[in-house]
Amino acid sequence: CPNLTLMYSLSVKPLCSVIGLILLCVGSLAQGNKPDQPNIILILADDMGYGDLGCYNPQSKIPTPNLDRMAREGIRFTDAHSGGPTCIPSRYALMTGRFASRKPMNFRNGPLIEPDRSTLASILRDSGYHAAMVGKWHLGFDPYLQDTPANIDFTQEFFGGPLDCGFESFFGMHASLDIQPYFYIRDRHAIAPPSQPVNASTGKDEDQGWNDIQGAFWRKGWMSPNFDHHSVTPRFFEEASRVISDHQKKDSNQPLFLYLALPSPHTPWLPDEKYRGQSGAGSYGDFIVQIDELIGELVKQVDQSSLGRNCLFLFSSDNGPVWYDRNIEQYGHRASGPLNGMKFSEYEGGHRMPFLARWPGYITGGKTSDHTIEFSDLLPTFAKLAGFAKPGQKISEDGYSFFQILKGETSKSPRPAIVHTRNCIREGKWKLIRKPDQKSNKTNYELYDLQNDLGERANLSDQYPKVVSQLTKKLDTLLQ
């Protein structure tokens, strides 16, 4: 108070009034600030199935104690969907908040994310976060890095990647671990050019039952001298750990957003020696055991740091597993759980994903939510978490915030329709797949009631032609 003499001369009752007024003003100022922004760590597995985790599939042959613990301590979503049944569209939807079907997913013509488009990283950066990424990008760079390495100057900067999409730091790869050239990128530069030829590695293994694109599979191409397929997943966890440690050393109140995009258990399936034989699902399952343990170590590091006082962990996978009927028969393990289909499929096994959210002190553990969510919903949800979005503001073309679910509330309304692919739409309990037949120039339809037929066994298109017509029109309208 500028006039202390006046304050001392006040009687007790007026003094309380003045103090109350001061506290009211301070409270008003505090309310004008953004609420406490949680640190956010988003971990995305690659090609992991709905039925691989024990918390989704009690009959799983793969021990996943750390992810199961995350489920016990947070929310387990049972109707969560990636941005599509393959790597690229999933990552596009995740980053941009829009359906990948809205544009061709081919980055031969350049990076997929437009320069002026908001992303998960950019909205958090603009809200005061430090945004860091480690792992697999797979949304394109300029130049096109899957071209013949002789046509690329690897001493130049690469554009269109994470640093041009809102991230302030990046360590990772341009694409999957079975797609050449094989080399690491830090920020915009190759750490070492892919200057050495590498032969293809066949995944075929008669003993384990793998075909040519399973197991230890990667393609022929070029590799940098410091690159080793076996060490990539552990290296990414080391880099993620370093990001957390470095951020903590800053001793500031700036929140952290870390996106850890794993290249595993996508092929090649290369578990370290200590994990081999630790599952009942061959090298695929052993690789997941290793991933689960490394996630547990990362969670422990955060919990023991200052970041752990307010940290939201999210875990999911980009699409379904590469797991065939013969693998189910051999191992007795259903990587897609009760779902039909796998990676590349428009059936639920291709895009319905494990999705866990853990936020100690904010989320009461042991919850299960059947609220439908899709990767495009993360952008508006993060905007709410960061205080970026105002009430009623629409900042995502196709996404809908599920912030209220994280707060423990019940959703007031179901999520609007989801476009899984250009020929697949979901609304409420109904899911429509249209299958053009180029030979007959006809289109066949499959309609499923997911509420009563999660395994998509009974095609109801003939019984409900009006539903087929309505969903077809809605799909075409959304795609326009």
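The values are calculated or read from the model by the stated rules, or taken from the named source; none is laboratory data. The structure presented is a predicted model; accordingly, all values stated were derived computationally and were not measured. Methodologically, a virtual Cβ is constructed for each residue, glycine included, from the backbone with ideal geometry; neighbour enumeration extends over all protein chains shown. The area values use the complete protein model at the heavy-atom level, side chains included, leaving out ligands, DNA and RNA. Shrake-Rupley method; radii C 1.70, N 1.55, O 1.52, S 1.80 Å.
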Just checking, does region 425-445 include any residue being in contact with a helix residue (DSSP H, G or I) (Cβ under 6 Å, 6 or more places away or on another chain) and open to solvent by 80 Å² or more (accessible area, probe 1.4 Å)?
no
Unique match (being open to solvent by 20 Å² or more (accessible area, probe 1.4 Å) and part of a helix (DSSP H, G or I)) among Leu294, Leu307, Leu298
Leu294
Hey, any hits in region 38-53 for a residue that's surrounded by fewer than 19 Cβ atoms within 10 Å (Cβ to Cβ) and at pLDDT 95 or above?
no
How about region 309-325: which of its residues are touching a Pro at 6+ places or on another chain (Cβ under 8 Å) and either modelled with pLDDT under 95 or among the polar types (S, T, N, Q) (or both)?
Asn310, Ser316, Ser317, Asn319
Tally up the residues in region 344-374 that are under 20 Å from Val302 (Cα atoms) and either in a loop (DSSP other than H, G, I, E, B) or over 15 Å from the mean Cα position of the chain (by Cα) (or both), please.
7
From the list Ala261, Ala281, exactly one residue is open to solvent by less than 70 Å² (accessible area, probe 1.4 Å), of a type in the set (Gly, Ala, Ser) and closer than 20 Å to Thr86 by Cβ. Which is it?
Ala261
Here is a check on your reading of the model: is Lys412 touching a residue at least 12 places away in the same chain (Cβ under 8 Å), within 30 Å of Ala357 (Cα to Cα) and not hydroxyl-bearing (Ser, Thr, Tyr)?
no
If only one of Lys343, Lys390 is out of contact with any Leu (no Cβ under 7 Å at 6 or more places or on another chain) and open to solvent by 50 Å² or more (accessible area, probe 1.4 Å), which one is it?
Lys390
Output for region 212-254, where each listed residue is assigned to a loop (DSSP other than H, G, I, E, B), more than 23 Å from Gly282 (Cβ to Cβ) and either open to solvent by less than 10 Å² (accessible area, probe 1.4 Å) or of a type in the set (Phe, Trp, Tyr) (or both):
Ser224, Phe227
Which number in (1) touching a residue at least 60 places away in the same chain (Cβ under 8 Å); (2) of a type outside the set (A, V, I, L, M); (3) on the phi < 0 side of the Ramachandran plot; (4) open to solvent by 20 Å² or more (accessible area, probe 1.4 Å) marks the one condition that Gly399 misses?
(4)
Ala93 vs. criteria in a helix (DSSP H, G or I), among the aliphatic types (A, V, I, L, M) and within 27 Å of Lys429 (Cβ to Cβ)
yes
In region 311-333, how many residues are of a type in the set (Val, Ile, Thr) and touching a Cys at 6+ places or on another chain (Cβ under 7 Å)?
0
Those residues of region 186-203 which are in contact (Cβ under 8 Å) with a residue 24 or more places away in the chain and more than 11 Å from Trp222 (Cβ to Cβ) amount to Asp187, Arg188, His189, Ala190, Ile191, Ala192, Ser201, Gly203
Within the set of pairs 6 or more residues apart or between chains, which connect a residue that is closer than 19 Å to Pro436 by Cα and small (Gly, Ala, Ser) inside region 451-475 to a residue that is at pLDDT 95 or above and open to solvent by less than 80 Å² (accessible area, probe 1.4 Å) with Cβ atoms less than 7 Å apart?
Ser461/Tyr445; Ser461/Glu446; Ser461/Leu447; Ser461/Val468
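Residues are listed down the side, and each one gets a yes or a no for (1) open to solvent by 40 Å² or more (accessible area, probe 1.4 Å); (2) not small (Gly, Ala, Ser):
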| site | (1), (2) |
| --- | --- |
| Gly337 | no, no |
| Ala357 | no, no |
| Lys367 | yes, yes |
| Leu378 | no, yes |
Inspect all residues belonging to region 299-307 and state whether any of them is basic (Lys, Arg), closer than 30 Å to Val232 by Cα and free of Cβ contacts under 8 Å to residues at least 40 places away in the same chain.
yes
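Residue by residue, here is whether (1) among the acidic types (Asp, Glu); (2) open to solvent by less than 10 Å² (accessible area, probe 1.4 Å); (3) in contact with a helix residue (DSSP H, G or I) (Cβ under 7 Å, 6 or more places away or on another chain); (4) closer than 30 Å to Gln393 by Cβ holds:
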site	(1), (2), (3), (4)
Leu120	no, yes, yes, yes
Arg125	no, no, no, yes
Met133	no, yes, yes, yes
Asp147	yes, no, no, no
Phe154	no, no, no, no
Gln180	no, no, no, no
Phe183	no, yes, no, no
